[in-house]
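Undergrad: Below is the structure I would like to discuss, written out as structure tokens.
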Amino acid sequence: MAANAQVSAGQSPTPFTGSMNAPDTFRPALRGLSAVRLSVLTDETTSPERQRAANEEAARSLGIDLGDREAVDLGVSASKTTPFERPELGAWLTQRADEFDALCFWRFDRAIRSMADMSGLVDWARTHRKMIVFSEGPGGRLVLDFRNGVDLITQLIIQVFAFAAEFEAQSIRERVTGAQAAMRLMPLRWRGSRPPYGYMPAELEGGGWTLTPDTETVEGCGPAPVTVIEQIVKELHGGKSVSAIAENLNNEGVPSPRDYWALKKGRTTGGKTGGAKGESAQRDQFRWTPAVITRLLRNPNLLGWKMHKGAPVRDDKGAPVLLTNDPVLTREEFDAVGALLDARSIDNRERKDTDALLLRVIHCDSCGSRMYLNKQAGKTPTYKCTAHGRGVRCDAPANVRGDWADEYAEREFLRSIGGLRVTSRRVIPGYDPQPEIEATSAELEAHMKARELFNNPVSEGIWNKQAAALNARLTELLGRSATPERVIVEDTGRTYADTWAEADTAKRRAMLTDAGAHLSVKRGTRGGWRRLDESRVSFELREGFYADAEGVLNGLTAELAHP
């Protein structure tokens, strides 16, 4: 199409042919809105300043007054959002359409990337009788005037331009997808965008980017991610629940992973999040939740592995492709955290009453099942055997007043070990290849099931190569030896009685369960009992706990003998 081709864009009170390069003498006193959009904030070739200058030049040439009317949407993709979904432009189109007459874009691709989006924008312009100006383009400036309808030729040209924009967007997607697929297989190469929490981009010698642990504390962004991960792991090993850790991070004002990246890039925190079905909600900030922490700690990114669609990216030998030379966690540390999360998830499902001191401690002597605290208005809370409600037969179900059982267990616990010094257990993780063996086996099994989908030599070759790589990785893993973890018991210098006196119910319950406390209750006899019949109950601690305590006592004895 020639640069000065004429395009009819409908009739107006002042005749206008809608040419690609409209004359300088144009209809005056039109109110204009300058629309600026950028997908990648670092793209200098399509910078907001360049777009703004082009729109201002076109507006002056066409007699359009832009005033201070401007819609700026930075970091917004036209392929993923329609003009009506963009934060600033969408508000102008849907809520302030009566405040302007002409809508100015730098080029066609700043407005839309699909024929459907162009159709929607044209319908809007026709309904609201607006003019759309594309300041620059392959054929020069394009002015579309919808204030008095539009003819068939103009509609055809609009669709041709929309098709070209959609075709270009598809080509860009294919090039980006192909480049990203190739880069995924390159060890230590990071393709860009937001890195996994715990890492930060770093330049490679010779060009490109990799990831390194993010240990940098940036003003206004909270503590460094690696420091936060270390705190989470430490508290998890210290016995804190994931829920308690999340609450603590929120109380301390530590930004969540999503907000941390926004702050680091100088953007506002929060954004859209899921609400009711089919709806979304806007939040000022995102909070730490048990799900966020669990996903973070279970993500193999912490091992330095590249992940794609939830699965490790593997090389031709089946080994995971690394995104860094310096992972946040070792394999041993990662597996130890996973084991803790597995154990906690089981405990959380079994918890029935978090207010009960003796939860997981008190048991029915007849059937051996746990007893749970039953609360009823106007009655004293009572621990009861609930075997019948779970479909388990119990010949003599027991129940006992809650305060009597709590007082008895506290007395016996402190009588047994109250004078002992509290020990801390430091676990030095071992290494077990079994988790990765199981994950790789599952990946190979899924790959084998897809064999029948490949029915040509090229696809079969690709399938065989992946199968051989996974098999090679399994062979390597099966040849590795497991190393057991080591537990170091250290004296804290405090007695159990001291710690008990300062602890709340949750911490006391943890002390009982850590010590292997077990309280059995027999069925009582009828009568107006005013205190606990201690012939019905028995309290004991596990043998392993006494072994730990004996080790501390032996150490203290040696210190006294050789001061």
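Read-outs: derived from the displayed coordinates by stated rules, not from any lab. Owing to the predicted nature of the structure, the values given are computational and were not obtained by experimental measurement. As a convention, Cβ positions derive from the backbone with ideal geometry for all residues, glycine included, and neighbour counts pool all protein chains shown.
Undergrad: So, counting K/R as plus one and D/E as minus one, what does the shell of residues with Cβ under 10 Å around Gly67 add up to?
TA: On the way: positive: Arg31, Arg69; negative: Asp65, Asp68, Glu70, Glu99.
Its environment carries a net charge of -2.
Undergrad: Can you sort Ser193, Ser416, Ser369 by how many other beta carbons sit within 10 Å, fewest first? Show your work: numbers first, answer last.
TA: Numbers: Ser193 8, Ser416 18, Ser369 15.
If I rank by nearby Cβ atoms, fewest first, I get Ser193, Ser369, Ser416.
Undergrad: Here's another thing I want to ask about it. Given axes a ≥ b ≥ c from the Cα gyration tensor, I'd like to know whether the stretch 434-478 is rounded (a/c under 1.5), prolate (a/b larger than b/c) or oblate.
TA: oblate
Undergrad: Just to confirm my numbers, what's the Cα centroid distance between the stretch 206-277 and the stretch 468-529 in Å?
TA: Each part's Cα centre sits 28 Å from the other's.
Undergrad: Now, a different point. Going by average Cβ neighbours within 10 Å, how do the peptides 459-466, 445-452, 72-79, 399-406 rank, with the highest at the top?
TA: On the way: 459-466: 12.6, 445-452: 10.8, 72-79: 16.8, 399-406: 20.1.
Result, highest mean Cβ count within 10 Å first: 399-406, 72-79, 459-466, 445-452.
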